[in-house]
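Peer 1: Quick one: structure below, then a few questions.
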Protein chains: 2
Amino acid sequence: MKKFVNDPQQFVPEMLEGIALANPDTLTYVPEYNLIMRTDAPNENKVSIVQGSGSGHEPAHVMVVGKGMLDAACPGDVFAAPPMDYVYETAKRLASPKGVLLLVNNYTGDRMAFDMGKEMAEADGVKTEILMIDDDVAVKDSTWTIGRRGVAGNFFVIKAVGAASERGDDLEEIVRIGKKVNSVTRTMGVALTACTPPAKGSPLFELGDDEMEFGVGIHGEPGRERRALASADEIVDDLLAATADDLPFVSGDRVALMINGLGGTPISELYILYRRAHSQLAERGITVGRSYVGEYCTSLDMAGASLTLVRLDDEIEELLNAPADVAVRVF
Amino acid sequence: MKKFVNDPQQFVPEMLEGIALANPDTLTYVPEYNLIMRTDAPNENKVSIVQGSGSGHEPAHVMVVGKGMLDAACPGDVFAAPPMDYVYETAKRLASPKGVLLLVNNYTGDRMAFDMGKEMAEADGVKTEILMIDDDVAVKDSTWTIGRRGVAGNFFVIKAVGAASERGDDLEEIVRIGKKVNSVTRTMGVALTACTPPAKGSPLFELGDDEMEFGVGIHGEPGRERRALASADEIVDDLLAATADDLPFVSGDRVALMINGLGGTPISELYILYRRAHSQLAERGITVGRSYVGEYCTSLDMAGASLTLVRLDDEIEELLNAPADVAVRVF
């Protein structure tokens, strides 16, 4: 296993400790609950925005806690939902009179943990809502999901509800905004290689030298089909057809376009994908209003990428354009 | 070869086209010279800051063109210096009455191209200076270098001279600042895997399952020694000893700490390295004043990382703290 790791069982806590040490003024780490939260949270004048999920998808979500994005993230172990008591504790610590919004990417383990955590928090008088994200068009049901999976498109939901909470919107209004953004967001991914979970020490699945997994899930679970490796342009055309035809996105639409790396693919290749996606959208009469190229929601060290489209309107653009300040940066 | 690529010979131009398409309001792309420049450059009230190098190190340098950083980048092909006429054309197009500063990471091919390009531009009356960066402590001379190599630490030089140029500093003063930052910057890297250049289609060198290259160069060239794979903490301790003892950094120093991913290593692992580096610096009485964790200067899809230390003072901190606006971002 070619990884920077000590004890594989300590992979997540050591990463979280690193994040906290690198951001001493803005982030607080509560080791007992894998909790990374803003030092200035909860704020009684805003709804607290929380996302949990398995680890291994970084920067999602522990590295995007900060002003204008998440107030807290409570991750589980690698590719494992957080235990329900982590969710419960997080909701209690983030309790604001304006409420707590729990964002959940649609995976059955996460839904269960958050449903139960929410129930426990509500029994303590914490006002909470859950918002499910299910942007992945690849498959209807999946290995660990009933309904569509929630993947990288959730970043647009986080950004929109984060901005709305900063300006003081109420919980009901923020839920409306989040549902709206989710409803116009579509994603599909492709894996060129498998990923290696630290505790397993070997690749999670087998993929031949001339194969790719088209429509892969963010834990490496199967997508639409195992296919022969194709050129960058061919891959983009197929990802674009799957996502654009699903909503559908049509001529005259203005969109945000995200090319998300899955962890082992360099950013140079992501811009090669972006180039084709941009030109093919233009051919469909669709304008790219906002561009996002880089790593957002990864699958450990998997080589691969996903493509996300969001249909923009004035309300969504204003929220995406609001300031945000999170740990991950270049300079 | 598990890459998103079309014709490998078009890897660089297709990437550059993607960058330009994603940043239509701020960046101009001149295909004949692999040139990415700010749309508002040259500015007659500021020194133009230019960096060239081989491609394959993204985001360095084509993705960090923008306000407060580079005015232009002129890359060569993958791991190849830009031709001298690219440097010449870039200097001419970026010509400002205040001058053009050419930043060069110390590799012999790059030095040659930039020395000749500078001479040609000066014959046309363009005021230019070259600033060499040589932060890599791994080896004194190397496969393609006389003297120390220039690697990820050059980001601190770019940031400092970029900020100084924005406030209108003269060329001589900017050169002084750049040399000063370079003189207090030390880096060393380690490779866990080789990288695969698109045009080669196979790994650039062989590295056993239980081996790592300690002190690797950013083109995969040999470092200090081939070693047995070690734990994350052991690797950090050795990188830290090599860099910290070189300047040396001593008790009472305040530093910037960068953990740079080499392209194939997920950011989760980089924070595990950061955690140890931060605690070990504390044991040495050295305070981390600024933290940088992510991908800055990569080697295509190589799994690996480098550690950079910069000794801070008020002048350097002010420059590192100045605003910058470049293409690479999360949100």
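The values are calculated or read from the model by the stated rules, or taken from the named source; none is laboratory data. The model shown is predicted, which means the values in this text are computed figures rather than measured ones. Because the Cβ atoms are built from the backbone with ideal geometry, glycine has one as well, and the counts that use them run over all protein chains shown. The accessibility values were calculated without ligands, DNA or RNA, using every heavy atom of the protein model including side chains. Shrake-Rupley method; radii C 1.70, N 1.55, O 1.52, S 1.80 Å.
Peer 1: Would you please classify the overall shape of the stretch B:185-313 from the alpha carbon gyration tensor, given that a ≥ b ≥ c denote the square roots of the eigenvalues, rounded means a/c under 1.5, and beyond that prolate means a/b larger than b/c while oblate covers the rest?
Peer 2: The shape class here is prolate.
Peer 1: So what's the Cα pair-distance distribution over the stretch A:1-135, bin width 5 Å, in %?
Peer 2: In whole percents, the pair-distance histogram is 2, 11, 22, 25, 20, 12, 5, 2, 1, 0.
Peer 1: So for the protein assembly as shown, what are the equivalent ellipsoid semi-axes in whole Å, largest first, each being the square root of 5 times an eigenvalue of the Cα gyration tensor? Each step should come with its number before you reach the end.
Peer 2: Details: eigenvalues 286, 150, 126 Å².
Over the Cα atoms of the protein assembly as shown, the ellipsoid semi-axes are 38, 27, 25 Å.
Peer 1: Using a probe radius of 1.4 Å on heavy atoms only, what accessible surface per residue do you get for the stretch B:185-313? Whole Å² is fine. The partial results should precede the final answer.
Peer 2: Numbers: 3790 Å² over 129 residues.
With all protein chains present, the stretch B:185-313 gives 29 Å² per residue.
Peer 1: I'd like the mean, over residues of A:154-161, of how many other protein chain beta carbons sit within 10 Å of each residue's own Cβ.
Peer 2: Details: counts 0, 2, 1, 0, 1, 2, 0, 0.
Counting other chains' Cβ atoms within 10 Å and averaging over A:154-161 gives 1.
Peer 1: Okay, moving on. For the ranges A:46-56, A:182-192, A:316-326, A:272-282, what's the packing order if you count other beta-carbon atoms within 10 Å of each residue, average per peptide, and put the highest first?
Peer 2: So the peptides A:46-56, A:182-192, A:316-326, A:272-282, ranked by packing, come out A:46-56, A:182-192, A:272-282, A:316-326.
Peer 1: In debye to the nearest 20, how big a dipole does the stretch B:185-313 give about its Cα centre with +1 on each Lys and Arg Cβ and -1 on each Asp and Glu Cβ?
Peer 2: Details: 11 positive and 19 negative charges, 96 e Å.
For this selection, approximately 460 debye.
Peer 1: Using +1 on the beta carbon of Lys and Arg, -1 on that of Asp and Glu, and nothing else charged, what's the dipole of chain A about the Cα centre, debye to 20?
Peer 2: Values: 31 positive and 51 negative charges, 60 e Å.
It works out to roughly 300 debye.
Peer 1: Once the label point is placed 7 Å from Cα along Cβ, list for B:M116 the distances to the corresponding points in the other copies, in nm, shortest first.
Peer 2: Label-point distances to the other copies, shortest first: 6.9 nm.
Peer 1: Charges at C-beta only: +1 for Lys and Arg, -1 for Asp and Glu. How large is the resulting dipole of the protein assembly as shown about its Cα centre, in Debye rounded to 20?
Peer 2: Details: 62 positive and 102 negative charges, 97 e Å.
In debye, rounded to 20, the protein assembly as shown gives about 460.
Peer 1: Above 26 Å lies some portion of the pair distances; for chain A, what is it as a whole percent of all C-alpha pairs? It would help to have the intermediate numbers written out before the result.
Peer 2: Values: 23978 of 54615 pairs.
The calculated P(r) of chain A puts 44 percent of pairs beyond 26 Å.
Peer 1: So, one more: Over what distance in Å are the Cα centres of the stretch A:18-46 and the stretch B:288-331 separated?
Peer 2: 22
Peer 1: Per residue of A:273-280, how many C-beta atoms from partner chains lie within 10 Å of its own C-beta, taken as a mean? It would help to have the intermediate numbers written out before the result.
Peer 2: Working: counts 5, 7, 11, 6, 3, 6, 3, 0.
Mean partner-chain Cβ count within 10 Å for A:273-280: 5.
Peer 1: For the stretch A:66-162, which trypsin sites (Lys or Arg not before Pro) are in a loop by DSSP, counting at most 13 other Cβ atoms within 10 Å?
Peer 2: A:K140
Peer 1: Just to confirm the numbers: B:T143, label point 7 angstrom along the Cα-Cβ line, distances to the other copies in nm, shortest first?
Peer 2: 3.7
Peer 1: Fully extended, how many nm does the chain gain between B:Q9 and B:D40 (0.36 nm per residue separation, minus their Cα-Cα distance)? Could the numbers behind the result be given before it?
Peer 2: On the way: separation 31, 0.36 × 31 = 11.16 nm, distance 3.03 nm.
That pair, B:Q9 and B:D40, stretches by 8.1 nm at full extension.
Peer 1: Using Stokes-Einstein with the Kirkwood hydrodynamic radius over Cα pairs, what translational diffusion coefficient do you get for the stretch A:58-108 at 25 °C and a viscosity of 0.890 mPa s, in µm²/s rounded to a whole number? Please report the intermediate quantities before stating the final value.
Peer 2: On the way: Rh = 11.9 Å.
In µm²/s, the coefficient is 206.
Peer 1: Looking at this model, which pairs from B:K67/B:K92; A:K159/A:K180; A:K67/A:K98; A:K159/B:K3; A:K159/B:K159 are more than 23 angstrom apart at the alpha-carbon? Could the numbers behind the result be given before it?
Peer 2: Working: B:K67/B:K92 20 Å; A:K159/A:K180 13 Å; A:K67/A:K98 17 Å; A:K159/B:K3 30 Å; A:K159/B:K159 28 Å.
Over 23 Å apart, Cα to Cα: A:K159/B:K3; A:K159/B:K159.
Peer 1: Starting from the 7 Å offset along Cα-to-Cβ, what nm value, one decimal, do you get for the label separation of B:D325 and A:E283?
Peer 2: My value for the distance between the label points is 3.4 nm.
Peer 1: Sticking with this structure for a sec: Quick one: grab Rg to one decimal and Dmax as a whole number for the stretch B:67-161, Cα atoms only, in Å.
Peer 2: Gyration radius and largest Cα-Cα distance of the stretch B:67-161: 13.3, 39 Å.
Peer 1: Once you have the Cα-Cα distance between B:D141 and B:K127, take 0.36 nm times their residue separation minus that, and quote the gain in nm to one decimal.
Peer 2: Here the segment from B:D141 to B:K127 would lengthen by 2.0 nm.
Peer 1: Below 14 Å, Cα to Cα, which aspartates and glutamates can B:K127 reach? Residues fewer than 8 away in the same chain don't count.
Peer 2: B:E44, B:E89, B:D115, B:E119, B:D170, B:E172
Peer 1: A follow-up question, please. For peptide B:257-266, what's the mean number of Cβ atoms from other chains within 10 Å of each residue's Cβ? Intermediate values should be presented prior to the final figure.
Peer 2: Details: counts 2, 0, 3, 0, 3, 1, 6, 8, 6, 18.
Mean inter-chain Cβ contacts per residue within 10 Å come to 5.
Peer 1: Kindly work out what percent of the DSSP beta bridges joining two residues of the protein assembly as shown are antiparallel, to the nearest 5.
Peer 2: Values: 56 of 104 bridges.
Within the protein assembly as shown, antiparallel bridges account for around 55 percent of the total.
Peer 1: Within the stretch A:134-163, list the residues whose amide N lies under 12 Å from a label point set 7 Å along Cα→Cβ of A:V250.
Peer 2: Hits in the stretch A:134-163 for A:V250 at 12 Å: none.
Peer 1: Mind listing which GluC sites (Glu not before Pro) in the stretch A:180-251 are in a DSSP loop and have 14 or fewer other Cβ atoms within 10 Å?
Peer 2: Those satisfying the criteria are A:E206.
Peer 1: If you average 1/r across every pair of different Cα atoms in the stretch B:109-238 and take the reciprocal, what Kirkwood value do you get, in Å? Write out the running numbers ahead of the final one.
Peer 2: Values: mean 1/r = 0.0589 Å⁻¹.
17.0 Å is the Kirkwood radius here.
Peer 1: Compute the distance from the alpha-carbon center of the stretch B:129-189 to that of the stretch A:248-266, in whole Å.
Peer 2: For the stretch B:129-189 versus the stretch A:248-266, the Cα centre distance is 36 Å.
Peer 1: Using a Förster distance of 30 Å, how high is the FRET efficiency between A:E234 and A:S202, based on the Cβ-Cβ distance and rounded to 0.05? All intermediate terms of the calculation are to be shown ahead of the outcome.
Peer 2: Details: r = 30 Å, r/R0 = 1.00.
E(calc), rounded to 0.05, equals 0.50.
Peer 1: What value, in deg cm²/dmol to 500, does the helix sum -39500 (n - 2.57) over DSSP H runs of n ≥ 4 give at 222 nm once divided by the residues of chain B?
Peer 2: On the way: 8 runs with 102 residues, N = 331.
The helix contribution divided over chain B gives -9500 deg cm²/dmol.
Peer 1: List the accessible area buried at the contact between B and A, summed over both sides and calculated with a 1.4 Å probe, in Å² to the nearest 100.
Peer 2: On the way: alone 13720 and 13740 Å², together 21790 Å².
For B against A, buried area totals roughly 5700 Å².
Peer 1: Determine the share of the stretch A:142-188's accessible area contributed by carbon and sulfur atoms, expressed in whole percent, with a 1.4 angstrom probe. Don't skip to the end; give the middle numbers.
Peer 2: On the way: 790 of 1410 Å².
Answer for the stretch A:142-188: carbon and sulfur cover 56 percent of the accessible area.
Peer 1: Suppose you put the label 7 Å out from Cα in the Cβ direction; list, shortest first and in nm with one decimal, how far A:N43 is from each other copy's label.
Peer 2: From this label point to the equivalent ones elsewhere in the assembly: 3.0 nm.
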